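What follows is a single structure, written as structure tokens, with notes after it.
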Amino acid sequence: MASLVARFAANIYWLGRYLERAENVARILAINETYARDNPGGPSWQRVLDLHADSKRFLELHGEPTPESVLAFYLIDRDNPSSIVCCARSARENARSVRHLISTEMWTHLNVFYTGLSALQKRDVTVNTLSKISHSVVTGCQDFEGVAEGTFLRAEPWCFYQLGKYIERADQTTRILDMGYDRLTPAGDDAVAWVHWNVLLRSVSGYHAYRSRHPGASRPPDIAAFLLYDDEFPRAVKLCVGHVTMRLRDLEHRHGSELTAALETERRRLEFLVGTGPGKTLTPRRLHHYLDDVQQHLARVSDAIGACYFAGD
Amino acid sequence: MPARSDNEATHLFADYDPGEWFCELRGRGRGAHTRDIQKRLGALDRAALRKRAKDAAKELFNLGITFTVYSEREAIDRILPFDVIPRILTPNDWQQIESGTKQRVAALNHFLHDIYHDEKILKDGIVPEDLVKTNANYREAMKGFSVPQGTYVHVCGTDLVRDEKGRFRVLEDNARTPSGVSYVIENRHLMMRAFPDLADGIPIADVDEYGSHLMRTMQDVAPTGVTDPTVVLLSPGVFNSAYFEHVFLAREMGAQLVEGRDLIVEDDKVFMRTTSGRERLHVIYRRIDDDFLDPKVFRPDSLLGVPGLFDAYRKGNVTLANAVGTGVADDKAVYAYMPRIIKYYLGEDPILENVPTHICREPDGLQYTLDNLESLVVKPVGESGGYGVVIGPRATKRELRELRAKLKKNPKNFIAQPMVRLSVSPTLVGRAIEPRHVDLRPFTLTGKSSWVLPGGLTRVALKRGSLIVNSSQGGGSKDTWVLG
């Protein structure tokens, strides 16, 4: 088999990214629903808009955010590129270009998944149905992942799929973590804050994993460190970055696609940042800035991957 | 119509009446296996049959066996409607189709070589020179260039119909980039999943080998000296309605699927842009038309092609399949001469006959056409897609008067044929089984030698009385079984 056409490498990379993004948008909406429900008058749906830097755009298009309008915006709005339906559509359009390189089962699953999502109407999307919808999106994405695991040839295309998936996942974990940064050091009697951190852990399917790591009392800084630096938790930023490194090594050594010096430099910078952490004491401010920094480094690695592999020269 | 119990022994076919047409399932000489299949079909419960048909349609959609229509912002996938009652070809039918299509492709290849080299057939006055030279699909640039193995038409789709007496007739040759073969194979897979019981114990020729035959065909015609050629399929891209087929074939062949923007020509050699830089390629199975292949030689506004591709081709550094300039051979005007072309190059009578065609540029043909205008179908040559066709029996007096004037003024522009009384095949329509008209497109692959995929695409006109099988006009498809 000849080498991979550069354009298809990009399609597969973005397939991985968009599906992972859809899954995480669903996770974020579910967390926020819990926050909003437990704390009327507290943090509102504005938070989700801030997290995606969408506040200004949203205000212009839809006015003051209400739970329903924000949910519609992120679930079914076909003009909002970060909505779940748009992510699924982009994933599918990328997959359409590379149907010959992925398995039939992967395509079929994605096709059925997207068809189901695009049938959702505004009246279907309410605070009360969110949990169910969000769960079905997460499950749909995880099912796809399982299908890919069992059917996708571990050749060059797979490496790009993994690269896209892990870069997006690392990025999304930092965003989810950012939803709790201002409650990083709650006062001793702030029961609500504890609840929030547990919700956050559960939302990344990390509650039991964390418990097995830290039996007994849990502290928010430990939870943050767990989501950032754990070597074994599959959504931890460090583990994701580790996978990025492994796949880049595979590309170089097994598939003869050498890294450019620029890509190797960006990769090392990211690895260093994730390896050292934000310093000993994690303050809310420091965490927030650190997460920002990680996001920017991830974006630079992503750009360098594009320059290295997707141009085809 | 009297109500019938679903339990009646012959119920499914009880009201089935093919009338004056030849029926593909019940016509003469259909053999014991066909009777078996009919019996099994007839014994199926109506509701169960409908349910299985519905499931099959849903599966096609989920699998993405679709053609895609693009609106402003959405890709809309449509399935080609699938009818669950197979179309049966007996061993005798197939023997004739297989040898007949091979013969036709051999003649087409001789003809194309000749008109781009010595022009013997033109000089001998068998085919009028202006018919070839003024044809929109004649490519002057191909003059004097010899293609590997002498093969111009690597993939040919021959459209066949069957008349009321059960005789096969060729309706047209598709010698450029015929499509539809993916449905042949997917229809079979679907059919075997939905109706494993129907085919049980009946020998049906396999269709799964198409991809490997296609790959071998492409390898056969690699440039001289290349022993392990890199083969790619060149597609116009995801916006092309046949993109599924391109994906399907690339996968079945184990070839790369590329678009023009993935390729680059340097020193008259063709490369593709890959993750590890540029890689040389040798054979291109192209699914884009001549006009769009190379903006430097053909249409300068083409964004689908590759600048410099044609020079690389003429230097013999890359093979294009089908060859450039084959469109002149599948033109309606040339079609009329096919029986003579076959005779000229092969010294044989055609195994598959044309629909009798009157060539209006010839005095006898014109006279016959003018005398029988009310019963003939008159087609302008050089047009495609049914444009300008006048169907005598359905035309108004005024239309006929206008046609008569046009014919007299410019007879060269026309051919005339009798109405073909297309055969029918039992088809599930709503809750009933009714006769619907069908055609057949077998696919012939030619590299060093020819191979025909057993069966082919059966298209069915789903509207009652309609003779138009095109998917854009309410046509569907059926699985086609060649019995052993």
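The values are calculated or read from the model by the stated rules, or taken from the named source; none is laboratory data. Every value quoted in this text rests on a predicted model; they were computed, and no experiment measured them. Positions of Cβ are backbone-derived with ideal geometry, glycine not excepted, and every protein chain shown enters the neighbour counts.
The strands (runs of 3 or more DSSP E) falling completely within the stretch B:19-119 that include 3 or more residues that are at pLDDT 85 or above map to B:82-89.
For A:Ile133, which of the numbered conditions (1) surrounded by 19 or more Cβ atoms within 10 Å (Cβ to Cβ); (2) facing another protein chain (nearest Cβ under 10 Å) fails to hold? If we test A:Ile133 against (1) surrounded by 19 or more Cβ atoms within 10 Å (Cβ to Cβ); (2) facing another protein chain (nearest Cβ under 10 Å), just (2) comes out false.
Against the conditions (1) within 14 Å of another protein chain (Cβ to nearest Cβ); (2) at pLDDT 95 or above; (3) more than 17 Å from B:Val318 (Cβ to Cβ), B:Met272 satisfies every one except (3).
Scanning the stretch B:238-258 for residues that are within 8 Å of chain A (Cβ to nearest Cβ), under 19 Å from A:Arg92 (Cα atoms) and not in a helix (DSSP H, G or I) yields a total of 3. Among the candidates A:Gly140, A:Gly216, A:Gly146, the residue that is free of Cβ contacts under 8 Å to residues at least 12 places away in the same chain and either within 30 Å of A:Glu252 (Cα to Cα) or assigned to a helix (DSSP H, G or I) (or both) is uniquely A:Gly146. Examine the stretch B:297-311 for a residue that is farther than 30 Å from A:Leu251 by Cα, touching a Pro at 6+ places or on another chain (Cβ under 8 Å), among the acidic types (Asp, Glu) and away from chain A (no Cβ under 14 Å), and state whether such a residue exists. For the stretch B:297-311, residues farther than 30 Å from A:Leu251 by Cα, touching a Pro at 6+ places or on another chain (Cβ under 8 Å), among the acidic types (Asp, Glu) and away from chain A (no Cβ under 14 Å): present. The set of residues in the stretch B:413-452 being of a type in the set (Lys, Arg) and buried (at least 21 other Cβ atoms within 10 Å of the Cβ) consists of B:Arg436, B:Arg441. Here A:His52 clears all of (1) more than 14 Å from every other protein chain (Cβ to nearest Cβ); (2) at pLDDT below 95; (3) over 17 Å from the mean Cα position of the chain (by Cα) except the condition numbered (3). Residues of the stretch A:271-313 that are acidic (Asp, Glu), within 14 Å of another protein chain (Cβ to nearest Cβ) and closer than 22 Å to A:His243 by Cβ: none at all.
The residues of the stretch B:259-269 that are facing chain A (nearest Cβ under 9 Å) and in contact with a helix residue (DSSP H, G or I) (Cβ under 9 Å, 6 or more places away or on another chain), listed by number, are B:Glu259, B:Arg261, B:Asp262. When B:Arg216 is tested against the conditions (1) crowded, with 19+ Cβ neighbours inside 10 Å; (2) away from chain A (no Cβ under 14 Å), the lone failure is (1). Go through the stretch B:219-237 and give me each residue that's over 22 Å from B:Pro295 (Cβ atoms), within 12 Å of another protein chain (Cβ to nearest Cβ) and not polar (S, T, N, Q). Hits for the stretch B:219-237 are B:Asp228, B:Pro229, B:Val231. The residues in the stretch B:312-361 that are of a type in the set (D, E, K, R) and more than 22 Å from B:Ile97 (Cα to Cα) can be counted, and the count is 3. Among all positions in the stretch A:76-89, there is at least one residue which is at the interface with another protein chain (Cβ under 9 Å from one of its Cβ atoms), surrounded by 21 or more Cβ atoms within 10 Å (Cβ to Cβ) and either touching a strand residue (DSSP E or B) at 6+ places or on another chain (Cβ under 7 Å) or free of Cβ contacts under 8 Å to residues at least 60 places away in the same chain (or both).
All conditions in (1) out of contact with any strand residue (DSSP E or B) (no Cβ under 7 Å at 6 or more places or on another chain); (2) in contact (Cβ under 8 Å) with a residue 40 or more places away in the chain hold for B:Ala175, with the sole exception of (1). Taking (1) surrounded by fewer than 20 Cβ atoms within 10 Å (Cβ to Cβ); (2) over 28 Å from A:Val241 (Cα atoms); (3) within 14 Å of another protein chain (Cβ to nearest Cβ) in turn, A:Leu117 satisfies each apart from (1).
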